[in-house]
1. Among the listed residues 78, 94, which satisfies the condition of being closer than 21 Å to residue 171 by Cβ and outside any loop (DSSP other than H, G, I, E, B)?
2. From the list 150, 131, exactly one residue is buried (at least 19 other Cβ atoms within 10 Å of the Cβ) and more than 21 Å from the chain's Cα centre (by Cα). Which is it?
3. Quick test of your reading of the structure: residue 41 fulfils all but one of (1) in contact with a helix residue (DSSP H, G or I) (Cβ under 8 Å, 6 or more places away or on another chain); (2) within 23 Å of residue 224 (Cα to Cα). Name the failing condition by number.
4. Look at residue 264 and say whether it is part of a strand (DSSP E or B) and not assigned by TED's automatic domain parsing to the domain that holds residue 50.
5. So which residues in region 2-23 are closer than 25 Å to residue 52 by Cα and in contact with a strand residue (DSSP E or B) (Cβ under 9 Å, 6 or more places away or on another chain)?
6. Among strands (runs of 3 or more DSSP E) lying entirely in region 105-182, which contain 2 or more residues that are closer than 17 Å to residue 216 by Cβ and at pLDDT 95 or above?
7. When you scan region 51-58, do you find a residue that is at pLDDT 90 or above, surrounded by 13 or more Cβ atoms within 10 Å (Cβ to Cβ) and either more than 18 Å from the chain's Cα centre (by Cα) or part of a strand (DSSP E or B) (or both), even just one?
8. Could we say that residue 188 is touching a strand residue (DSSP E or B) at 6+ places or on another chain (Cβ under 9 Å) and farther than 22 Å from residue 46 by Cα here?
(Lines give C-alpha, C1' and ligand atoms only; values in the text may rest on other atoms or scores of the structure.)
Protein backbone atom coordinates (compact mmCIF):
# COMPACT_ATOMS: atom_id res chain seq x y z
CA UNK A 1 0.00 0.00 0.00
CA UNK A 2 1.00 3.63 -0.47
CA UNK A 3 0.41 6.37 2.06
CA UNK A 4 -0.84 9.85 1.27
CA UNK A 5 1.20 12.30 3.29
CA UNK A 6 1.94 15.94 3.99
CA UNK A 7 4.96 17.57 5.59
CA UNK A 8 5.49 20.00 8.43
CA UNK A 9 8.81 21.83 8.83
CA UNK A 10 9.62 23.51 12.14
CA UNK A 11 12.98 24.67 13.49
CA UNK A 12 14.76 23.10 10.53
CA UNK A 13 13.24 19.62 11.03
CA UNK A 14 10.67 18.06 8.73
CA UNK A 15 7.97 15.64 9.86
CA UNK A 16 6.03 13.37 7.53
CA UNK A 17 2.31 13.31 8.38
CA UNK A 18 0.22 10.28 7.40
CA UNK A 19 -2.68 8.11 8.56
CA UNK A 20 -2.73 4.31 8.72
CA UNK A 21 -6.10 2.52 8.67
CA UNK A 22 -5.22 0.48 11.75
CA UNK A 23 -2.90 2.74 13.75
CA UNK A 24 -4.31 6.15 12.88
CA UNK A 25 -2.55 9.50 12.44
CA UNK A 26 1.16 9.95 13.08
CA UNK A 27 3.96 12.40 12.45
CA UNK A 28 7.33 10.82 11.67
CA UNK A 29 10.70 12.56 11.52
CA UNK A 30 11.80 12.62 7.88
CA UNK A 31 15.45 12.03 8.69
CA UNK A 32 17.41 10.89 5.63
CA UNK A 33 14.33 9.95 3.59
CA UNK A 34 14.27 12.26 0.55
CA UNK A 35 12.59 10.53 -2.39
CA UNK A 36 8.95 9.45 -2.54
CA UNK A 37 9.99 5.79 -2.35
CA UNK A 38 12.18 6.43 0.69
CA UNK A 39 9.33 8.24 2.44
CA UNK A 40 6.94 5.37 1.70
CA UNK A 41 9.48 2.94 3.17
CA UNK A 42 9.88 5.15 6.24
CA UNK A 43 6.12 5.28 6.82
CA UNK A 44 5.65 1.56 6.23
CA UNK A 45 8.38 0.63 8.70
CA UNK A 46 7.03 3.07 11.28
CA UNK A 47 3.44 1.82 11.15
CA UNK A 48 4.28 -1.87 10.72
CA UNK A 49 6.64 -1.82 13.70
CA UNK A 50 3.86 -0.34 15.84
CA UNK A 51 1.50 -3.09 14.65
CA UNK A 52 4.05 -5.79 15.47
CA UNK A 53 4.58 -4.35 18.95
CA UNK A 54 0.80 -4.21 19.46
CA UNK A 55 0.46 -7.87 18.43
CA UNK A 56 3.20 -8.85 20.87
CA UNK A 57 1.70 -6.86 23.75
CA UNK A 58 -1.85 -8.12 23.22
CA UNK A 59 -1.00 -11.78 22.79
CA UNK A 60 2.15 -12.69 24.71
CA UNK A 61 0.81 -11.84 28.14
CA UNK A 62 0.68 -14.27 31.09
CA UNK A 63 -2.74 -15.71 30.21
CA UNK A 64 -2.50 -15.35 26.45
CA UNK A 65 -3.70 -18.91 25.79
CA UNK A 66 -6.91 -18.85 27.82
CA UNK A 67 -10.37 -19.04 26.21
CA UNK A 68 -9.45 -19.01 22.52
CA UNK A 69 -9.39 -20.80 19.19
CA UNK A 70 -6.44 -20.67 16.79
CA UNK A 71 -7.04 -21.20 13.08
CA UNK A 72 -3.76 -22.32 11.52
CA UNK A 73 -3.48 -21.33 7.86
CA UNK A 74 -1.09 -22.52 5.19
CA UNK A 75 -1.33 -21.85 1.47
CA UNK A 76 -4.59 -19.94 1.93
CA UNK A 77 -6.41 -22.77 3.77
CA UNK A 78 -7.09 -23.72 7.38
CA UNK A 79 -4.96 -26.79 8.07
CA UNK A 80 -5.52 -27.14 11.80
CA UNK A 81 -7.71 -25.72 14.57
CA UNK A 82 -6.41 -25.52 18.14
CA UNK A 83 -8.47 -24.83 21.26
CA UNK A 84 -7.48 -23.82 24.75
CA UNK A 85 -8.45 -26.59 27.16
CA UNK A 86 -11.00 -24.38 28.94
CA UNK A 87 -13.17 -24.51 25.79
CA UNK A 88 -15.91 -27.12 25.45
CA UNK A 89 -14.77 -27.76 21.88
CA UNK A 90 -11.43 -29.03 23.22
CA UNK A 91 -13.12 -32.02 24.87
CA UNK A 92 -13.56 -33.81 21.55
CA UNK A 93 -9.79 -34.20 21.12
CA UNK A 94 -9.15 -34.56 24.86
CA UNK A 95 -11.47 -37.58 25.00
CA UNK A 96 -9.79 -39.12 21.93
CA UNK A 97 -6.38 -38.64 23.54
CA UNK A 98 -7.48 -40.20 26.84
CA UNK A 99 -8.93 -43.18 24.97
CA UNK A 100 -5.72 -43.74 23.00
CA UNK A 101 -3.12 -43.14 25.75
CA UNK A 102 -3.86 -44.65 29.16
CA UNK A 103 -1.50 -42.33 31.04
CA UNK A 104 -3.88 -39.40 30.52
CA UNK A 105 -7.10 -38.38 32.26
CA UNK A 106 -9.58 -35.68 31.33
CA UNK A 107 -9.00 -33.94 34.68
CA UNK A 108 -5.26 -33.99 34.15
CA UNK A 109 -5.38 -32.55 30.65
CA UNK A 110 -7.81 -29.80 31.64
CA UNK A 111 -6.11 -28.91 34.94
CA UNK A 112 -4.47 -25.86 33.38
CA UNK A 113 -6.84 -23.66 31.37
CA UNK A 114 -3.88 -22.43 29.32
CA UNK A 115 -3.15 -25.88 27.88
CA UNK A 116 -3.89 -26.19 24.15
CA UNK A 117 -5.02 -29.14 22.02
CA UNK A 118 -5.61 -29.71 18.32
CA UNK A 119 -5.92 -32.44 15.71
CA UNK A 120 -3.64 -32.40 12.69
CA UNK A 121 -2.70 -34.46 9.65
CA UNK A 122 0.16 -34.64 7.19
CA UNK A 123 -0.15 -31.06 5.96
CA UNK A 124 3.57 -30.48 6.56
CA UNK A 125 6.61 -32.63 7.32
CA UNK A 126 7.23 -34.57 9.49
CA UNK A 127 3.62 -35.04 10.60
CA UNK A 128 1.60 -38.17 9.68
CA UNK A 129 -2.20 -38.39 9.64
CA UNK A 130 -4.43 -38.98 12.66
CA UNK A 131 -2.43 -37.05 15.25
CA UNK A 132 -3.23 -34.86 18.23
CA UNK A 133 -0.96 -32.13 19.54
CA UNK A 134 -1.16 -31.20 23.23
CA UNK A 135 0.67 -28.11 24.45
CA UNK A 136 1.44 -28.09 28.15
CA UNK A 137 2.04 -24.55 29.38
CA UNK A 138 4.61 -25.49 31.96
CA UNK A 139 8.36 -25.77 31.61
CA UNK A 140 9.20 -29.37 30.66
CA UNK A 141 10.38 -31.31 33.70
CA UNK A 142 13.71 -33.11 33.82
CA UNK A 143 11.78 -36.36 33.46
CA UNK A 144 10.04 -35.13 30.30
CA UNK A 145 13.32 -33.90 28.84
CA UNK A 146 15.02 -37.21 29.62
CA UNK A 147 12.20 -39.19 27.99
CA UNK A 148 13.19 -37.62 24.68
CA UNK A 149 16.96 -37.70 25.03
CA UNK A 150 17.45 -34.22 26.48
CA UNK A 151 18.73 -32.72 29.71
CA UNK A 152 18.41 -29.33 31.32
CA UNK A 153 21.58 -28.34 29.47
CA UNK A 154 20.23 -29.11 25.98
CA UNK A 155 18.71 -25.64 25.68
CA UNK A 156 19.80 -24.25 29.04
CA UNK A 157 18.42 -20.82 29.85
CA UNK A 158 16.88 -20.61 26.37
CA UNK A 159 14.25 -23.29 27.09
CA UNK A 160 10.82 -21.65 27.19
CA UNK A 161 7.99 -22.26 29.63
CA UNK A 162 5.81 -24.50 27.48
CA UNK A 163 6.20 -27.60 25.35
CA UNK A 164 4.19 -29.79 23.02
CA UNK A 165 3.65 -33.54 22.95
CA UNK A 166 2.71 -34.91 19.52
CA UNK A 167 0.61 -38.08 19.60
CA UNK A 168 0.32 -40.45 16.64
CA UNK A 169 -2.97 -42.22 17.34
CA UNK A 170 -2.37 -44.83 14.65
CA UNK A 171 1.12 -45.89 15.76
CA UNK A 172 0.57 -45.16 19.46
CA UNK A 173 3.81 -43.14 19.63
CA UNK A 174 4.72 -39.74 21.03
CA UNK A 175 7.17 -36.97 20.16
CA UNK A 176 8.09 -33.86 22.11
CA UNK A 177 8.31 -30.37 20.69
CA UNK A 178 10.58 -28.21 22.83
CA UNK A 179 10.42 -24.45 22.38
CA UNK A 180 13.42 -22.17 22.84
CA UNK A 181 15.06 -18.85 22.11
CA UNK A 182 18.65 -18.43 20.98
CA UNK A 183 19.67 -15.67 23.35
CA UNK A 184 22.40 -17.70 25.07
CA UNK A 185 23.40 -20.16 22.38
CA UNK A 186 22.81 -21.49 18.88
CA UNK A 187 21.04 -24.82 18.45
CA UNK A 188 20.53 -25.02 14.69
CA UNK A 189 22.84 -26.08 11.87
CA UNK A 190 21.33 -24.30 8.85
CA UNK A 191 18.93 -21.57 9.84
CA UNK A 192 17.47 -19.66 6.84
CA UNK A 193 19.76 -16.79 5.96
CA UNK A 194 17.08 -14.11 6.17
CA UNK A 195 14.08 -14.02 8.50
CA UNK A 196 11.10 -11.67 8.22
CA UNK A 197 11.04 -8.33 10.01
CA UNK A 198 9.73 -9.04 13.49
CA UNK A 199 9.61 -7.96 17.10
CA UNK A 200 10.31 -11.38 18.54
CA UNK A 201 11.39 -14.82 17.38
CA UNK A 202 11.50 -18.25 18.98
CA UNK A 203 12.08 -21.76 17.69
CA UNK A 204 10.86 -25.33 18.21
CA UNK A 205 12.36 -28.74 17.41
CA UNK A 206 10.78 -32.17 17.50
CA UNK A 207 12.53 -34.79 19.66
CA UNK A 208 11.81 -38.51 19.41
CA UNK A 209 11.72 -41.07 22.22
CA UNK A 210 14.89 -42.71 20.85
CA UNK A 211 16.78 -39.44 21.34
CA UNK A 212 16.88 -38.49 17.66
CA UNK A 213 15.86 -35.02 16.50
CA UNK A 214 13.77 -34.20 13.46
CA UNK A 215 15.45 -32.25 10.67
CA UNK A 216 12.37 -29.99 10.47
CA UNK A 217 12.52 -26.83 12.58
CA UNK A 218 9.81 -24.25 13.29
CA UNK A 219 10.77 -20.59 13.51
CA UNK A 220 8.01 -18.44 14.99
CA UNK A 221 8.02 -14.70 14.40
CA UNK A 222 5.82 -11.88 15.62
CA UNK A 223 5.36 -9.85 12.45
CA UNK A 224 2.60 -8.26 10.38
CA UNK A 225 0.60 -9.23 7.31
CA UNK A 226 2.23 -6.57 5.16
CA UNK A 227 5.78 -7.49 6.17
CA UNK A 228 5.09 -11.21 5.77
CA UNK A 229 3.32 -10.87 2.42
CA UNK A 230 6.34 -9.06 1.00
CA UNK A 231 8.74 -11.55 2.57
CA UNK A 232 6.86 -14.58 1.22
CA UNK A 233 6.89 -13.06 -2.27
CA UNK A 234 10.63 -12.50 -1.96
CA UNK A 235 11.36 -16.15 -1.14
CA UNK A 236 8.80 -17.57 -3.58
CA UNK A 237 6.49 -19.12 -0.96
CA UNK A 238 2.70 -18.68 -0.74
CA UNK A 239 1.46 -16.18 1.81
CA UNK A 240 -0.48 -18.37 4.27
CA UNK A 241 -3.69 -16.32 4.53
CA UNK A 242 -6.44 -16.05 1.90
CA UNK A 243 -7.24 -12.54 0.66
CA UNK A 244 -10.48 -12.30 2.66
CA UNK A 245 -8.70 -12.76 6.02
CA UNK A 246 -7.33 -9.40 7.15
CA UNK A 247 -6.88 -10.20 10.86
CA UNK A 248 -3.33 -9.85 12.09
CA UNK A 249 -2.13 -13.33 13.17
CA UNK A 250 -0.62 -13.54 16.63
CA UNK A 251 2.38 -15.21 15.02
CA UNK A 252 3.71 -16.75 11.82
CA UNK A 253 5.54 -20.08 11.62
CA UNK A 254 8.30 -20.88 9.14
CA UNK A 255 9.24 -24.54 8.67
CA UNK A 256 12.72 -25.25 7.34
CA UNK A 257 14.95 -28.26 6.76
CA UNK A 258 17.89 -27.84 9.12
CA UNK A 259 20.11 -30.08 6.99
CA UNK A 260 20.24 -27.44 4.24
CA UNK A 261 18.30 -24.35 5.37
CA UNK A 262 15.58 -24.76 2.72
CA UNK A 263 12.20 -23.31 3.70
CA UNK A 264 9.34 -25.78 3.32
CA UNK A 265 6.28 -23.69 4.17
CA UNK A 266 4.91 -20.65 6.02
CA UNK A 267 2.00 -20.78 8.48
CA UNK A 268 -0.19 -18.14 10.12
CA UNK A 269 -1.92 -18.48 13.49
CA UNK A 270 -5.11 -16.39 13.65
CA UNK A 271 -6.46 -16.17 17.18
CA UNK A 272 -10.15 -15.83 18.06
CA UNK A 273 -10.86 -14.89 21.65
CA UNK A 274 -14.19 -15.54 23.36
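1. Values: 78 fails: closer than 21 Å to residue 171 by Cβ.
Within the list 78, 94, the selection yields 94.
2. Working: 131 fails: more than 21 Å from the chain's Cα centre (by Cα).
When all the criteria are applied, what remains is 150.
3. (1)
4. Working: part of a strand (DSSP E or B): yes; not assigned by TED's automatic domain parsing to the domain that holds residue 50: yes.
Yes; evaluated as a whole, the condition is true for this residue.
5. Let us first name the residues in region 2-23 that are closer than 25 Å to residue 52 by Cα, namely 2-6, 15-23.
Those that are closer than 25 Å to residue 52 by Cα and in contact with a strand residue (DSSP E or B) (Cβ under 9 Å, 6 or more places away or on another chain): 3, 4, 5, 6, 15, 16, 17, 18, 19, 20.
6. Of the strands (runs of 3 or more DSSP E) lying wholly inside region 105-182, those with at least 2 residues that are closer than 17 Å to residue 216 by Cβ and at pLDDT 95 or above span 131-136, 159-168, 173-180.
7. First, pick out the residues of region 51-58 that are at pLDDT 90 or above: 51.
Filter again for surrounded by 13 or more Cβ atoms within 10 Å (Cβ to Cβ), leaving 51.
Keeping just the survivors that are either more than 18 Å from the chain's Cα centre (by Cα) or part of a strand (DSSP E or B) (or both) gives none.
Looking for residues that are at pLDDT 90 or above, surrounded by 13 or more Cβ atoms within 10 Å (Cβ to Cβ) and either more than 18 Å from the chain's Cα centre (by Cα) or part of a strand (DSSP E or B) (or both), one finds none in region 51-58, hence no.
8. Taking the combined requirement at face value, the residue satisfies it.
The values are calculated or read from the model by the stated rules, or taken from the named source; none is laboratory data. Predicted model, so just to flag it, every value in this text is computed and none were measured. Cβ sites come from the backbone with ideal geometry, for glycine too, and all protein chains shown count toward neighbours.
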